[in-house]
Amino acid sequence: MDTTAESYLLTGNDLVAVISRRGGELRSLKYRDTELIWQGDPAYWDGSAPLLFPFCGRVKDGVYRWQGQDYPMPIHGFLPEATLSAAEIEKDRLTLTLTDSPATRAVYPFAFGLSLSYQLTDNALSLTATVTAGDTGLPFSFGAHPGFHLPLANSGFGDAVLRFDAPSPLARIEITDAGLLGNGRSAYPLSDATLPLSPDPAGGCGIFFEVPKHNRALTLESPALPCNIRMEFADFPILGLWHAEGAPYLCIEPWQGLPAPADPPTDLSDKPGTVRLAPGRQKTFNLRIILQQKGICHV
């Protein structure tokens, strides 16, 4: 197997996926030759579907504190720019790994292991991410940031909706104009379990919710798409929606973690949403993207 390729192709019947060693990012997902993933445009956003580790979102002024020392941290952590190693490569599955190094410890002083396992089936792409703590334990966040092609229309995305499995209200989380965590929480009702995407709710710094465990699955439905796109994210309590103003894509972002508070300065010991693993322990996150023929329910 070629463990040094820049990216890897996974193939199924109707689906083809391309995974990059850089960040373990999903760079392409084609359904019957139609590209569903945003291909990146520096005029708007040059990403496609980055994975976020060890932070989700921003820290104030790009700096956080741990045990009295300040460390720099880019938005969404260092994983999007890291080069991973290929541990398993098959026609329909791939495992990439990352461990701590002098470069990571300069900005994040912890030993860790990260494994990203992708599996492609006839109608779905699954990701299993496993984080392992080193001998001092591990405070971290993990998230996904896939951007889906979605044409704009008028003041939003036309007749596109997100359809949840249940009509339970979500809890909207306040995010400041600087992309940091505010103090506000408010109920966000769903009408008939749907969240319309017109008028546009996702511009600016996006819109973020706490999602109850029983409702951590949704389906993106749009006349402009060749299929419905279902996401299942049971291990992620936070859901974000975002796109750059005027850009024809929508990021649907399951997170375990939150941006740093706008005030006071961020200390990693009490950063909201942080997972704290004991030495040697693991935590696994599962995410599925399921492509559905229109008019057919697979729930």
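We did not get these values from a lab; they are worked out from the coordinates using the rules stated. Fair warning: this is a prediction, and the values are worked out from it, not measured in the lab. Cβ sites come from the backbone with ideal geometry, for glycine too, and all protein chains shown count toward neighbours.
The table for this structure:
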| quantity | calculated |
| --- | --- |
| Residue-span extension gain [residue 34 to residue 178] - 0.36 nm each, minus C-alpha spacing | 48.3 nm |
| Paramagnetic label zone (point 7 Å from Cα along Cα-to-C-beta, residue 83; backbone N under 11 Å) in region 136-151 | none |
| Rough spin-label spacing in nm, given labels placed 7 Å along Cα→Cβ, for residue 192 and residue 282 | 4.4 nm |
| Which of 205, 56, 251, 227 has the fewest Cβ neighbours within 10 Å, and the rest in rising order | 205, 227, 251, 56 |
| Per-residue Cβ neighbour rank within 10 angstrom, fewest leading, 245, 221, 210 | 245, 210, 221 |
| Under 17 Å from the Cα of residue 30 - lysines, other chains or at least 8 residues apart | 91, 294 |
| Paramagnetic reach from residue 63 (point 7 Å along Cα→Cβ, amide N under 13 Å) across region 232-272 | 265-267 |
| Taking 73, 231 and counting other C-beta atoms within 10 Å, the order from fewest to most | 73, 231 |
| DSSP bridge orientation in the chain - percent antiparallel, rounded to nearest 5 | 95 percent |
| Eligible lysines near residue 283 by straight Cα distance, threshold 25 Å, same-chain separation 8 or greater | 213, 271 |
| Correct choice for Cα Rg over 2.2 N^0.38 Å that was computed from the model, options (1) 1.21; (2) 0.92; (3) 0.97 | (3) |
